[in-house]
Amino acid sequence: MTGDAGGTSAATLEVVCAALRSGDLGSLERVLTADVLWDGCRSRDEVMATLRAAFDGDDASPQLTEARLHGDRAVLHVAWPEGPRGPADHWYVLAFDDAGLVTRMQGYDTEATVEHDLALHAAGPPGSHPGPPPAAVSGLVPFVHVAAMARSLAFYELLGLVPVDSLVPDEAVVWAFLESDGASLMLAQDDARIDHRAQGVLFYLYARDLAGLRDHLVTHGVAAGEIVAGTPGPRHEMRVEDPDGYVLMIAQIEDEAGAR
């Protein structure tokens with residue numbers, strides 16, 4: 001392990017590495033803040049439950065292959081066993097609070113994006129006030145998961161929303177984009193039963209320069225997700241959580257700036 005951060009962050013990283021290498025995760029609890037964030041987890045309890053599930057599953061446990069400090073961040077390279085978890089290699093960037101505790105963990109699929117974000121963070125924001133992004137979002141479309149697509153299409157047609165685009169892989173609509181005058185809505189078929197108390201609604205936004213907007217967010221401390229393919233939706237999109245945990249999917253407006 002190499003790096004140039006302070007002693008408290010280095011000591012915390014040593015605890016993290018020892019826990020991941022041994023599989024004994026109990027010591028991790030004392031180096032995570034109570035409200036630590038990690039790709040959908042928003043508390044220490046949620047993070048610990050997710051990690052324990054990964055290490056206690058039927059598959060082989062993930063293996064820590066590298067750990068290094070980078071200023072006030074730490075980078076972990078973890079090799080996951082092949083399977084439903086996706087690619088074998090993942091990178092995680094840890095952010096520390098003033099006491100040296102882990103306050104945020106962000107996962108990455110590509111090392112190039114890790115290095116890009118670390119460079120942006122090291123450069124810091126251009127001024128004390130965030131200011132406007134180089135290209136502001138220019139649209140917002142709710143994305144709703146539904147239990148029965150035909151039933152939902154019929155309901156929204158009563159409101160005047162009609163499909164202008166759809167995905168029909170096996171003679172059944174699994175995704176549809178609806179419009180009526182200035183109103184837009186996306187529907188997607190969900191395999192699970194919809195819980196009205198925890199509605200599966202995403203907020204879709206659009207940007208003319210998605211890569212530039214992402215750099216702007218990362219520079220100002222936002223854990224913006226990597227830009228990925230949005231099929232069956234937009235060609236390029238990224239996932240961002242607002243301070244209350246609401247998910248924003250921001251997509252590149254087609255035929256304009258590219259994605260990183």
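The values are calculated or read from the model by the stated rules, or taken from the named source; none is laboratory data. Since we're looking at a predicted model, the values are computed, not measured. Here the Cβ is made from the backbone with ideal geometry for all residues, glycine too, and neighbour counts use every protein chain on show.
Determine, yes or no, whether TYR206 is outside any loop (DSSP other than H, G, I, E, B) and in contact with a Leu (Cβ under 6 Å, 6 or more places away or on another chain). When the stated conditions are applied, TYR206 does not pass them. Checked against (1) out of contact with any helix residue (DSSP H, G or I) (no Cβ under 7 Å at 6 or more places or on another chain); (2) within 24 Å of VAL240 (Cβ to Cβ); (3) in contact (Cβ under 8 Å) with a residue 24 or more places away in the chain; (4) not β-branched (Val, Ile, Thr), ARG68 passes all but condition (2). How many residues, within region 95-149, are acidic (Asp, Glu) and within 19 Å of the chain's Cα centre (by Cα)? Qualifying residue count, region 95-149: 4. Select from region 13-44 the residues that are of a type in the set (A, V, I, L, M) and in contact (Cβ under 8 Å) with a residue 12 or more places away in the chain and list them in ascending order. Matches in region 13-44: LEU13, VAL15, VAL16, LEU20, LEU25, LEU28, VAL31, LEU32, VAL36, LEU37. The residue of region 20-63 that is nearest to the chain's Cα centre (by Cα), among those that are closer than 14 Å to GLY107 by Cβ and part of a strand (DSSP E or B), is TRP38. Inside region 20-37, residues that are small (Gly, Ala, Ser) and at pLDDT 95 or above make up a count of 1. Scanning region 209-235 for residues that are in contact (Cβ under 8 Å) with a residue 12 or more places away in the chain and closer than 17 Å to PRO142 by Cα gives GLY230, PRO232, GLY233, PRO234. Restricting attention to region 38-79, the residues that are at pLDDT 90 or above, of a type in the set (Phe, Trp, Tyr) and farther than 13 Å from TYR92 by Cβ add up to 0. In region 235-258, is there at least one residue being aliphatic (A, V, I, L, M), more than 20 Å from HIS145 (Cα to Cα) and at pLDDT below 75? For region 235-258, residues aliphatic (A, V, I, L, M), more than 20 Å from HIS145 (Cα to Cα) and at pLDDT below 75: present.
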